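What follows is a short report on a single structure.
The values are calculated or read from the model by the stated rules, or taken from the named source; none is laboratory data. These figures come from a predicted structure and were not determined experimentally. Virtual Cβ from ideal backbone geometry, glycine too; neighbours counted across all protein chains shown. Calculation scope for accessible area: heavy atoms of the full protein, side chains included, ligands and nucleic acids excluded. Shrake-Rupley method; radii C 1.70, N 1.55, O 1.52, S 1.80 Å.
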Amino acid sequence: MTSAFLAISLLNGLSYGLLLFMLSAGLTLIFSLLGVLNFAHASFYMLGAYFGCALSQAVGFWAALVLAPLAAGLLGALFERWGLRRVHRHGPLPQLLATFGLSYLILEAVQLVWGRATVPTSLPDMLQGPLFTLHGTQFPRSRAFVMLVALAMLAAVWLGLTRTRAGLVVQAALGHPQMVEVLGHNVPRVFTLVFGGGCALAALAGVVGGGAYVTEPGMAASVGSIVFVVVVVGGLGSLAGAFIASLAIGLLQTFAVALDGSAAPLARVAPMLPYLLMVLVLALRPRGLLGKRED
């Protein structure tokens with residue numbers, strides 16, 4: 001095992017892990033505030049990829065990087081306002097079923113508009129090709145871009161939650177929604193904005209992930225279960241836990257797939273490793289790594 005192999009595998013694992021964090025961050029925020037595990041969350045990731053592809057052809061990639069998440073976030077906010085809020089009073093099960101049904105509606109809509117085949121994506125020339133080469137092994141610029149966007153998103157979410165008045169209201173609503181409402185804030189509107197914002201974060205991951213990897217109708221199913229594993233391992237409602245779990249699962253899967261020779265059987269069981277990690281973590285710490293939510 002050479003140092004070049006370790007370095008490239010480490011970077012690939014970090015890139016994949018940060019993409020998972022971009023997905024799980026929005027899901028974590030939504031669960032923290034609404035107490036709902038959004039089964040359609042990965043579908044907004046797919047929607048962001050397709051919106052990004054279509055908008056890139058019309059207005060260019062950099063504009064699509066902003067407009068596609070905004071469009072998906074708007075759709076998420078409308079769904080929360082006119083769909084999810086109406087079933088909220090009936091308990092968590094109808095909310096889960098509503099998001100589950102939405103995931104199928106998004107999948108069918110995507111296949112109706114774009115078809116079932118893989119959609120070719122085009123990144124700007126500056127994001128194509130290798131960023132550098134180590135002993136014949138290349139690290140693509142596209143994956144470096146995924147890492148850069150994910151870190152920028154992490155910084156923006158942290159600053160937004162801790163350094164702005166709106167972020168402080170959101171944090172207060174996470175634990176004491178009744179008190180926030182008594183103070184004159186519109187808590188249902190906060191719910192809508194957070195749900196839409198979480199969907200926008202998933203769509204942002206779709207724009208960069210679809211360009212770096214692949215854009216096709218099965219992309220939501222391929223990452224959907226992994227994202228829930230990340231949220232559970234990190235601890236329901238914990239952004240920091242989701243960040244740690246995302247990097248751990250990204251590195252674990254990447255190194256398992258990259259290994260060859262005597263370790264080839266490990267590559268074959270790589271898809272199972274996140275679930276084994278989840279079982280291990282829940283056996284030792286049922287709330288997850290940094291989970292605090294009791295319900």
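Among the residues of the range 154-210, those that are β-branched (Val, Ile, Thr) and touching a helix residue (DSSP H, G or I) at 6+ places or on another chain (Cβ under 7 Å) comprise Val157, Val169, Val170, Val180, Val187, Val190, Thr192, Val194, Val207, Val208. Taken over the range 86-113, the criterion of being open to solvent by 40 Å² or more (accessible area, probe 1.4 Å), free of Cβ contacts under 8 Å to residues at least 40 places away in the same chain and either touching a Gly at 6+ places or on another chain (Cβ under 9 Å) or closer than 13 Å to Ala220 by Cβ (or both) is satisfied by Tyr104, Leu105, Glu108, Ala109.
Report the residue count in the range 1-17 for those that are part of a helix (DSSP H, G or I) and either touching a strand residue (DSSP E or B) at 6+ places or on another chain (Cβ under 7 Å) or surrounded by fewer than 22 Cβ atoms within 10 Å (Cβ to Cβ) (or both). Qualifying residue count, the range 1-17: 11. Residues being farther than 19 Å from Val214 by Cα, open to solvent by less than 10 Å² (accessible area, probe 1.4 Å), hydrophobic (A, V, I, L, M, F, W, C) and part of a helix (DSSP H, G or I): count how many of those fall in the range 18-45. Result for the range 18-45: 3.
Checking each residue in the range 233-246 for being open to solvent by 40 Å² or more (accessible area, probe 1.4 Å) and modelled with pLDDT of 90 or more picks out Phe243, Ile244.
The criterion of at least 2 residues that are buried (at least 16 other Cβ atoms within 10 Å of the Cβ) and under 19 Å from the mean Cα position of the chain (by Cα) is met, among helices (runs of 4 or more DSSP H) falling completely within the range 114-213, by 141-163, 187-212.
Filter the range 55-77 for residues that are aliphatic (A, V, I, L, M) and in contact (Cβ under 8 Å) with a residue 60 or more places away in the chain and give the result. Once the filter is applied, which keeps residues that are aliphatic (A, V, I, L, M) and in contact (Cβ under 8 Å) with a residue 60 or more places away in the chain, the range 55-77 yields Ala64, Leu65, Ala68, Leu70, Ala71, Ala72, Leu74, Leu75, Ala77.
Residues that are touching a helix residue (DSSP H, G or I) at 6+ places or on another chain (Cβ under 7 Å), of a type outside the set (A, V, I, L, M, F, W, C) and more than 15 Å from Thr192 (Cα to Cα) within the range 86-112 comprise Pro94, Ser103, listed in sequence order.
Scanning the range 254-289 for residues that are open to solvent by less than 70 Å² (accessible area, probe 1.4 Å), among the hydrophobic types (A, V, I, L, M, F, W, C) and modelled with pLDDT of 80 or more, we see that the one that is farthest from Leu6 (Cα to Cα) is Leu282.
Tell me, please, whether a residue that is without any contact (Cβ under 8 Å) to a residue 24 or more places away in the chain, outside any helix (DSSP H, G or I) and either open to solvent by 10 Å² or more (accessible area, probe 1.4 Å) or touching a helix residue (DSSP H, G or I) at 6+ places or on another chain (Cβ under 7 Å) (or both) can be found in the range 220-230. No; the residues of the range 220-230 include none that is without any contact (Cβ under 8 Å) to a residue 24 or more places away in the chain, outside any helix (DSSP H, G or I) and either open to solvent by 10 Å² or more (accessible area, probe 1.4 Å) or touching a helix residue (DSSP H, G or I) at 6+ places or on another chain (Cβ under 7 Å) (or both).
For the range 128-172, the set of residues classified as among the small types (Gly, Ala, Ser) and touching a Lys or Arg at 6+ places or on another chain (Cβ under 7 Å) consists of Gly129 only. The residues listed here are Gly83, Gly48; of these, the one that is closer than 19 Å to Leu193 by Cβ, at pLDDT 90 or above and either open to solvent by 40 Å² or more (accessible area, probe 1.4 Å) or in a helix (DSSP H, G or I) (or both) is Gly48.
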